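Here's the structure we're looking at; comments come further down.
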Amino acid sequence: MIKIAKIKYLPNNCQIIEDGDYVECAVTGKKINIENLTYWNVELQEPYFSYKEAFQKREEIDKK
């Protein structure tokens, strides 16, 4: 059974709170396999599919 993980995002790594196979991108909703997770925002505690989504989120925040 494939299940979503709960993760605490830290500055240089992340801590798995609840085991799972993936997380969902905060911008697109795309599934990100845990082993492929490389982009996240510590302050917002959000994962991103790629640098593009991370950049898009940063632009949204900067506009506010």
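The values are calculated or read from the model by the stated rules, or taken from the named source; none is laboratory data. These numbers were taken from a predicted model, which means no experiment stands behind them. Reconstructed Cβ throughout: ideal geometry from the backbone, glycine too, with neighbour counts over all protein chains shown. The accessibility values were calculated without ligands, DNA or RNA, using every heavy atom of the protein model including side chains. Shrake-Rupley method; radii C 1.70, N 1.55, O 1.52, S 1.80 Å.
Could you work out the relative contact order of the chain, using alpha carbon pairs under 8 angstrom and six or more residues apart, expressed as a whole percent? Don't skip to the answer; put the middle values down first.
Values: 96 pairs, mean separation 15.6, N = 64.
Relative contact order here is 24 percent.
Taking 0.36 nm per residue of separation and subtracting the Cα-Cα distance, what length does fully extending Met1 through Asp21 add? Working shown, then result.
On the way: separation 20, 0.36 × 20 = 7.20 nm, distance 0.91 nm.
Stretched out fully, the Met1 to Asp21 stretch lengthens by 6.3 nm.
Between the helical axis of 51-63 and the dominant principal axis of the chain, each derived from Cα atoms, what acute angle in degrees is found, rounded to the nearest 10?
50 degrees
With each pseudo-label sitting 7 Å past Cα toward Cβ, what's the Glu60-Asn36 distance in nm, one decimal?
2.1 nm
For the chain: lysine pairs with Cα atoms under 16 Å, gap of 8 or more or different chains, count? Could the numbers behind the result be given before it?
Numbers: Lys3/Lys30; Lys3/Lys31; Lys6/Lys30; Lys6/Lys31; Lys30/Lys52; Lys30/Lys57; Lys31/Lys52.
Total qualifying Lys-Lys pairs in the chain comes to 7.
Please work out the average accessible area per residue across the chain, using the 1.4 Å probe convention, and give it in Å².
Working: 4830 Å² over 64 residues.
Accessible area per residue, the chain: 75 Å².
Measure off, as a whole percent, the carbon and sulfur share of the 1.4 Å-probe accessible area of the chain, all protein chains present. Before the final figure, lay out each step's value.
Details: 2380 of 4830 Å².
For the chain, the apolar C and S fraction of the accessible surface comes to 49 percent.
Work out the length of the dipole vector of the chain about its Cα centre, built from +1 on the beta-carbon of each Lys and Arg and -1 on the beta-carbon of each Asp and Glu, and round it to the nearest 20 debye.
Numbers: 10 positive and 11 negative charges, 27 e Å.
So the magnitude is around 120 debye.
Considering only Gln56, Gln45, Ala5, whose Cα is most displaced toward the positive end of the charge dipole of the chain, charges sitting on Cβ of Lys, Arg (+1) and Asp, Glu (-1)?
Of the listed residues, the answer is Gln56.
What does the charge count around Gln45 come to, taking other residues whose C-beta lies under 11 Å from its C-beta (Lys +1, Arg +1, Asp -1, Glu -1)? Can you show the working numbers first?
On the way: positive: Lys6, Lys8; negative: Glu43, Glu46.
Charge balance in the 11 Å sphere: 0.
Please work out the FRET efficiency for the pair Ser50 and Lys8, using the Cβ-Cβ distance as r and a Förster radius of 25 Å; give the result to the nearest 0.05.
Working: r = 21 Å, r/R0 = 0.84.
The formula returns an efficiency of 0.75 here.
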